[in-house]
Amino acid sequence: MAAVATCGSGVGTTGSAVATASKSNVTSFQRRGPRASGTNDSGPRLVSIAGTRPSVRNGQLLVSTGLPALDQLLGGGLAIGTVLLIEEDKYNIYSPLLFKCFLAEGIVNGHTLLVASAKEDPANILQELPAPLLDDNSKKEFDEDVYNHKTPESNIKMKIAWRYQLLPKMEQIGPVSSRFGHYYDASKRIPQELIEASNWHGFFLPEKISSVLKVEPCSLTPGYIKLLQFIQNIIYEERFDGSNPQKKQRNVLRIGIQNLGSPLWGDDICCAENGSNSHSLTKFLYVLRGLLRTSLSACIITMPTHLIQNKAIIARVTNLSDIVIGLESFIGSERETNPLYKDYHGLIHIRQIPRLNNLICDESDVKDLAFKLKRKLFTIERLHLPPDLSDTVSRSSKQDLAESTKRLGPGCGMMAGGKKHLDF
C-alpha cells in the first residue's frame, strides 16, 4: 500500500508539472541567441576572427590560403593549427607566388605575420607581395583577364531557345566581395599603406646566427633551434596560445617559412643521402606541430623536395605535415613544347589532405589538376586535354609501324609480299 501511495504521489507530481508547462507554453526548443533581457545562456561558440570561418564538415576554424581555388580543394581553407607543405617546382618560379599569396591574405585580413627565410630578407619579401583585387575592381580585373585568355571558339555566340533567353546566365567563378578569400594581381604590388599598418615579425637567418657560433651537442641545426625559439616567443608574448582569455580582440598568426631544408638553413639532406643531420628536419617539424596545435596559428612551408637525396626523409616529412601539395612545372621538360599542354604552365599534385576530427581523410574526386599564370592571376583548373581529331599522328607513325612489322616477321601484320603493312 505504501508503494501504491508513492506511485500515486509521483503521478500527481508529474501531472502538476505538465499543467504548469502547458500554462507557460514551454517547449523543448530553445532560442540560440541573446534574449530580450540581454542574457545569453547559449553554449560556447567558435572564436569570431576577421578572415576566418568554421568548417561546415568538422567545425574547425579555417583561414584562406590566398587562392580560392586551392581553398576549395582543401575543403574550404587551411585549418588553424595545421602545416601546409608546398613542394617547390624545379626552378622555384611558381611556389614563391603561393607563398606570397598566403602572406598577402594575412595582411588584408589584419592577421599577424611571421616570415622566416634564409635566402631573402623578410622585409623585401613583403614588398613583393601581390596586390589584392577588392570588390568592384576585382570583378573588372578578373573579367578583363579572362576575356584576354579566351580562345576564338569561345567567343562565338550560341543560339539557344527563346524560352531560355530570360534565365540568368551562369558566369565563370570569379572574385566576390567577401571577408574570406581574395584574388590577387600578380602584376602589381601590395600598397605600402597596408604593409605599414600590419603587424609582422621577420626572421632572417644570417642576422640571427653570428659567424662565431658555439657548437652544442644537439640533434637540431642551430638555424632550426633559433627559429623554434623565435616562433615560441612570438606565440607566448602576443598571447596566441590563448593564455589570456579575457582579451576581447583575438587574432591569427600566419607563419611562412621559405626554402626549409635547403643548405642555406645548415641542413645537409640535399647534399648527401645519409648526412649527419638527417633527423634534424623531421624533429623540427615535430616540435613545430606541437606549437601550432596549441595556438591560433597556421603555417605554410616551401621545401625543395626534388633536391633531397634520401626518399625516406621525404616520406617522414610528408607524415609530419598536415597538407602536402606538389608543383610540377613544364619549364625544361618535354611537356613545355607539347601542344597538348600549351594552355597550362604546370601540374599541381595534392599529395595529402589532413584528417581533422575524422578517421579517414577527405580525398577530392579531381585528380588531374593544372595551373597557369595568366597576365594577372594564378589559377588552378582541372586538366582538360583537347581530343586529337586529326590524322597527323597516325600518318607520321606509319614509318615506325612499318619497321616494327619487319622485325616481327611474316604472318604478323604483313602482306604476302612482305613489303606492305596493314594500316589500322
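For segment 286-328 versus segment 50-110, the spacing of their alpha-carbon centroids is 14 Å. Computed from the Cβ-Cβ distance with R0 of 30 Å, the FRET efficiency linking Asn310 to Glu336 stands at 0.55. Placing a pseudo-label 7 Å from each Cα along the Cα-to-Cβ vector at Glu196 and Leu373 gives an inter-label distance of 3.0 nm.
Rule-based calculations on the coordinates, nothing more; no lab input. Here the structure is a predicted model, which is why all the values come from computation and not from measurement. Here Cβ is always computed from backbone atoms with ideal geometry, including for glycine, and neighbour counts include all displayed protein chains.
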